[in-house]
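Right, one structure below, let's go through it.
The values are calculated or read from the model by the stated rules, or taken from the named source; none is laboratory data. Quick caveat: nothing in here was measured; it's all calculated off a predicted structure. Note that we place each Cβ from the backbone using ideal geometry, even for glycine, and neighbour counts take in every protein chain shown.
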Amino acid sequence: MLMSRPVAEGPGQAPGLASGQAMSEIVRSPGYWATVWRRVLRDPVAVGAALVILAIVLIAILAPYIAPQDPYKGMTLRRLRPPGTEGFPLGTDELGRDMLSRLIFGARLSLFMGVTPVILALFLGSAIGIAAGYAGGWVNSILMRTIDVFFAFPSVLLAIALSGALGAGVLNGLISLTVVFIPPIARVAESVTTSVRSRDYVEAARASGAGPLTIVRVQVLGNVMGPIFVYGMSLVAVSMILASGLSFLGLGVKPPEPEWGLMLNTLRTAIYTQPLLCALPGVMIFVTSISFNMLTDGLRSAMDIKA
């Protein structure tokens, strides 16, 4: 947005210009996303959550360099050592493997299983929802009634059923979680697109002769992707919990891969002898999930400029 601001007159300067018009300079006001960014930076909870997520991402990326030991190498003689044992700051698991190293490497698979299905569902669900919302009519009815079928099943049961049918494994887990998240994202995309398609700028573009693809690409996408993206971020925490649950049930990541949900499953037999060891993977899942939730809440509040 451009605004005119009068320039102060210096000593001895005649008021006004020779033409009788006041001198002005152009000042550019901050845009919408710049305002959102500043509001996020002023939110200490959102900033703290973002720093926690960034730290976990860096740990996952640098895992081979910062892990003190091989996460796959174990020894029966040193199994279930308590935290604080010399050489094992967080103890050892049921096979004598270093817990700290496995937690560090576990961040890789846990983040991958939490973020990747949401990204895939964002592309597919957004395409379905935007197409249904912009087209309307029978296209909207066919697409959204098909999506409604998936809402008949709770997300947890649907993920378990799909993983059980496809079999355990990282790829099958990704497919199951992606299918689970496509319907809610498509519903949100359809809702915001329906509200945008009747705006004046869309009608003006349509009256000027622009085609549907051009209108969607230029006029619609920029106005609907923000809410869709924020909603997708809120699903990352859900995705991590569901992925960990699948691994806990033996339907996700297979042993001996380090993954926080799978670690909870393998350590459950030691819950009465070493309860702190069993809680460590759960603590990591909780901290990561709550950080994504708090960051999402901060983004949602920042995007509500009227608040």
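Please work out if Val218 is under 30 Å from Ala131 (Cβ atoms), among the β-branched types (Val, Ile, Thr) and over 22 Å from the mean Cα position of the chain (by Cα). When the stated conditions are applied, Val218 passes them.
Run down Leu90, Leu100, Leu80, Leu109 and say which single residue is closer than 17 Å to Gly261 by Cβ and touching a residue at least 24 places away in the same chain (Cβ under 8 Å). Going through Leu90, Leu100, Leu80, Leu109 in turn, the sole match is Leu109. Against the definition (hydroxyl-bearing (Ser, Thr, Tyr), over 30 Å from Glu259 (Cα atoms) and part of a helix (DSSP H, G or I)), how does Thr193 come out, yes or no? Yes, satisfied.
Of the residues making up the stretch 88-112, those that are of a type in the set (Gly, Ala, Ser) and within 13 Å of Ile285 (Cα to Cα) are Gly106, Ala107, Ser110. Quick check: is even one residue across the stretch 262-273 out of contact with any strand residue (DSSP E or B) (no Cβ under 9 Å at 6 or more places or on another chain), among the basic types (Lys, Arg), farther than 23 Å from Ile182 by Cα and in a helix (DSSP H, G or I)? Taking every residue of the stretch 262-273 in turn, at least one turns out to be out of contact with any strand residue (DSSP E or B) (no Cβ under 9 Å at 6 or more places or on another chain), among the basic types (Lys, Arg), farther than 23 Å from Ile182 by Cα and in a helix (DSSP H, G or I).
I'd like the full set of residues that are closer than 18 Å to Met113 by Cβ and out of contact with any helix residue (DSSP H, G or I) (no Cβ under 6 Å at 6 or more places or on another chain), limited to the stretch 142-160. Talk me through it step by step, then tell me what you get.
The first filter runs over the stretch 142-160 and keeps only residues closer than 18 Å to Met113 by Cβ, leaving 155-156, 158-160.
Val156, Ile160 - these are the residues of the stretch 142-160 that are closer than 18 Å to Met113 by Cβ and out of contact with any helix residue (DSSP H, G or I) (no Cβ under 6 Å at 6 or more places or on another chain).
Taken together, Ala237, Ala204 contain a single residue that is surrounded by fewer than 16 Cβ atoms within 10 Å (Cβ to Cβ) and not basic (Lys, Arg), which is Ala204.
Of the residues making up the stretch 76-89, just one is within 34 Å of the chain's Cα centre (by Cα) and surrounded by 16 or more Cβ atoms within 10 Å (Cβ to Cβ), namely Phe88.
It is to be established whether one or more residues within the stretch 140-152 are small (Gly, Ala, Ser), over 30 Å from Pro212 (Cα atoms) and surrounded by 14 or more Cβ atoms within 10 Å (Cβ to Cβ). Scanning the stretch 140-152 turns up no residue that is small (Gly, Ala, Ser), over 30 Å from Pro212 (Cα atoms) and surrounded by 14 or more Cβ atoms within 10 Å (Cβ to Cβ). Assess whether Val188 counts as being of a type in the set (A, V, I, L, M) and more than 16 Å from the chain's Cα centre (by Cα). When the stated conditions are applied, Val188 does not pass them. Pick from the stretch 252-261 the residues that are within 14 Å of Leu177 (Cβ to Cβ) and either surrounded by fewer than 24 Cβ atoms within 10 Å (Cβ to Cβ) or small (Gly, Ala, Ser) (or both): which of them is modelled with the lowest pLDDT? Once the filter is applied, the top-ranked residue is Gly252. The residues of the stretch 17-76 that are modelled with pLDDT of 85 or more, outside any helix (DSSP H, G or I) and over 30 Å from Met263 (Cα atoms), listed by number, are Arg42, Asp43.
The single residue among Thr116, Thr92 that is over 15 Å from the mean Cα position of the chain (by Cα) and of a type in the set (Val, Ile, Thr) turns out to be Thr92. Of Pro255, Pro275, Pro227, all but one fail to be touching a residue at least 60 places away in the same chain (Cβ under 8 Å) and not basic (Lys, Arg); the exception is Pro227.
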